[in-house]
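To keep things clear, I will list the structure first and then write my remarks on it.
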Amino acid sequence: MSQITPVFKREFLGYFRSPVAYVFLIVFLTASVGMAFFVGGFFKANQASLQSLFVFQPWLYLFLIPAAGMRLWSEERRGGTIELLFTLPLTTLDAVLGKFLAAWAFLILGLALTFPLAITVGWLGDPDWGVIAGGYLGSALMAGAYLALCALLSSLTKNQVIAFVLGVVVNLVLVFLGWSVFNGVLTGFLPVNVVDFIANLGFIPHFDAFAKGILDPRDFAYFGSVIALALTLNVVALER
Amino acid sequence: MIEVKELVKNYGDKRAVDGVSFTVRPGDILGFLGPNGAGKSTTMKMITGYIRPDAGSATVADIDVAKAPVAVKSRIGYLPESAPAYGEMTVQEFLNFIAEVRGYRSSATRRERVELALTRTHLLPVRRQVIETLSKGYKQRVGFAQALLHEPPCLVLDEPTDGLDPNQKNEVRTLIKTMSTDRAVILSTHILEEVEAICTRIILISRGKVVVDETPDAFRARKPGARLDSIFRDLTSADA
């Protein structure tokens, strides 16, 4: 397990060794804040909350996280470094966890850099900091779930474009399952408890709870299970 | 030191390696010869634990690769074909990463290891250069430095002189010779002069089977006066 650290460090710093990190962070921040202001009506809502930031995140992550996760294994396969990595004295699990945690930490860094928005809200009004913290926590967990799926898909191909497209599609399905508009359509012909069940498989209902400041162990368990399942399959796919 | 018994590997219907057995002792430099696609690289990948054999076993220092892959990997220095490395890192950063994974956790011992590897492979002038900007010869040396860094008792080198100019080839051969005194070395090549120059034993593999296992002198004695290529052609013409 101690072998996770060197893999983590290499991967995390790797983002900053190329323009990828800067491009990604700038796009991430511009898009998050831009959506909150221009689509979410940050000022018009006249509320001291970050609701207008968080409401778009499931949609924003749909494109941004596959972009950050597509390279995780595809690049190693394409460059042949996967052979180098797996002939070093570490287990597949060490490598999978090291890489996943590094990419996750990078995404959390991006998320954390939206802090001026929180400060603005605090300066203009009197927000409920618990709700804001819950939103950030939920957003970080949701990013982990998106990313774990993208890491798995990236291990299946050496083509980053394929990894990206697969990542968007799989995550899109999981966003749709929990999207209220989609669920509204389903209620037209399915019983309510079936629709509830389907909605619970999606990201949004679990994230919404966090964004409202509700910390339900079931929501932790949901994101935790998605991450654990995807990473387990990631190990299996690499050992195949 | 390295013992290979009845190794078998299939790729689909094709049997890439078909019951290969041999032993390499410390001080041996085993030249692994054969046409492209004969199964040289596949055999090496099984010894280094990168792929799993379908049957048979490979042991390094009496440890079975299939049972304790991490223990075996820590005793092998492996140069994969075309020397893959993380191109966005500098030579020094890359070797630092390798040293850390290889278990040199204090920065003092790590620095010492990296310095020694850089000196030995004459990489000092390019230590702060990004690997992807290096020439092929330098990249190959980075691969070497990575393989030698932890003073492994076994070295597995897949086409170590491929793509190098004559001076660089000579330099790499000298390096291998000096490294081999108390180590078991396997190197694959299809350059026959190389075998003559440094190997203490020849294994010729054709269509996944060992056809010849003898000293270079005995190999030459097969057809006195003939060039090695002509003996090689006679023995492997079935492949064409």
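Brief remarks on what is shown
- Per-residue HN-Hα couplings for region A:165-181 [Karplus 6.51, -1.76, 1.60; θ = phi - 60°; Hz; x = Gly/Pro]: 4, 4, x, 5, 5, 4, 5, 4, 4, 5, 6, 4, 3, x, 7, 4, 5
- Sequence-distant lysines (8 or more away, or on other chains) whose Cα lies within less than 18 Å of B:K136: B:K169
- In sequence order, calculated HN-Hα J values of region A:66-71 (Karplus, 6.51, -1.76, 1.60; Hz; x Gly/Pro): x, 5, 7, x, 4, 7
- Rough spin-label spacing in nm, given labels placed 7 Å along Cα→Cβ, for A:I119 and B:D234: 8.2 nm
- Net charge over other residues, Cβ less than 15 angstrom from the Cβ of B:N10 (K, R count +1; D, E count -1): +4
- Carbon + sulfur, % of accessible area of the protein assembly as shown - ligands and nucleic acids excluded, 1.4 Å: 61 percent
- A Stokes-Einstein calculation at 10 °C with viscosity 1.306 mPa s, built on the Kirkwood radius of region A:132-185 over Cα pairs, returns a diffusion coefficient of 128 µm²/s.
- The DSSP beta bridges internal to chain B are antiparallel in roughly 55% of cases.
- Of the residues B:G34, B:G225, B:G137, the one that moves most in a GNM of chain B with alpha-carbon contacts below 10 Å is B:G225.
- Based on protein heavy atoms only, the protein assembly as shown ends up with 44 Å² per residue of surface accessible to a 1.4 Å probe.
- Inter-site label distance for A:L29 and A:N200 at 7 Å from Cα along Cβ, in nm: 4.0 nm
- With the convex hull drawn over the C-alpha atoms of chain B, the volume per residue is 125 Å³.
- Overall Cα dimensions of region B:1-77 - principal axes, largest extent first, Å: 32, 26, 19
- Within the protein assembly as shown, DSSP assigns beta bridges of which about 55% are antiparallel (rounded to the nearest 5).
- With only the Cα atoms considered, the protein assembly as shown has a convex hull volume of 174 Å³ per residue.
- Applying D = kT/(6 pi eta Rh) to region A:4-239, where Rh is the Kirkwood radius over alpha-carbon pairs, T corresponds to 37 °C and eta to 0.692 mPa s, the Stokes-Einstein value obtained is 176 µm²/s.
- Chain A: most fluctuating residue of A:M70, A:M142, A:M35 per GNM, C-alpha cutoff 10 Å: A:M35
- For region B:1-140, the fraction of alpha-carbon pairs in successive 10 Å shells from zero, as %: 11, 33, 31, 22, 3, 0
- Here r is the Cβ-Cβ distance between A:D128 and A:F56 and R0 is 25 Å; the resulting FRET efficiency, rounded to 0.05, is 0.80.
- Pairing chains A and B buries close to 2300 square angstrom of accessible surface in total, based on protein heavy atoms and a 1.4 angstrom probe.
- Rounded to two decimals, the Cα radius of gyration of region A:71-160 over 2.2 N^0.38 Å is 1.46.
- Integer Hz, Karplus 6.51/-1.76/1.60 couplings in order for region A:27-38, x for Gly and Pro: 5, 4, 6, 4, 5, 4, 6, x, 4, 4, 7, 8
- Residues losing 50 Å² or more accessible surface upon assembly, region A:12-58, compared with the chain by itself, 1.4 Å: A:R17
- Within the listed set A:P127, A:P191, A:P205, the Gaussian network model of chain A (springs between alpha-carbon atoms below 10 Å) gives the highest mean-square fluctuation for A:P191.
- Modelled FRET efficiency - R0 25 Å, A:S225 with A:L190, Cβ distances, 0.05 increments: 0.55
- Exceeding the 22 Å Cα-Cα cut-off - candidates B:K9/B:K209; B:K139/B:K209; B:K45/B:K67; B:K40/B:K73; B:K5/B:K139; A:K99/B:K40: B:K139/B:K209; B:K5/B:K139; A:K99/B:K40
- Spin-label zone in region A:207-222 - amide nitrogen under 18 Å from a point set 7 Å from the Cα of A:Q47 along the C-beta vector: A:207-215
- Of all aspartates and glutamates in the structure, the ones whose alpha carbon falls short of 18 Å from that of A:K212, not counting any fewer than 8 places away in one chain, are A:D126, A:D128.
- Spin-label model distance (nm) - B:R52 vs B:S106, 7 Å beyond Cα toward Cβ: 3.9 nm
The values are calculated or read from the model by the stated rules, or taken from the named source; none is laboratory data. Quantities reported herein were computed from a predicted structural model and do not represent experimental measurements. Every residue, glycine as well, gets a Cβ built from its backbone with ideal geometry; the counts of neighbours run over all protein chains shown. Ligands, DNA and RNA are excluded from the accessible area calculation, which covers all protein heavy atoms including side chains. Shrake-Rupley method; radii C 1.70, N 1.55, O 1.52, S 1.80 Å.
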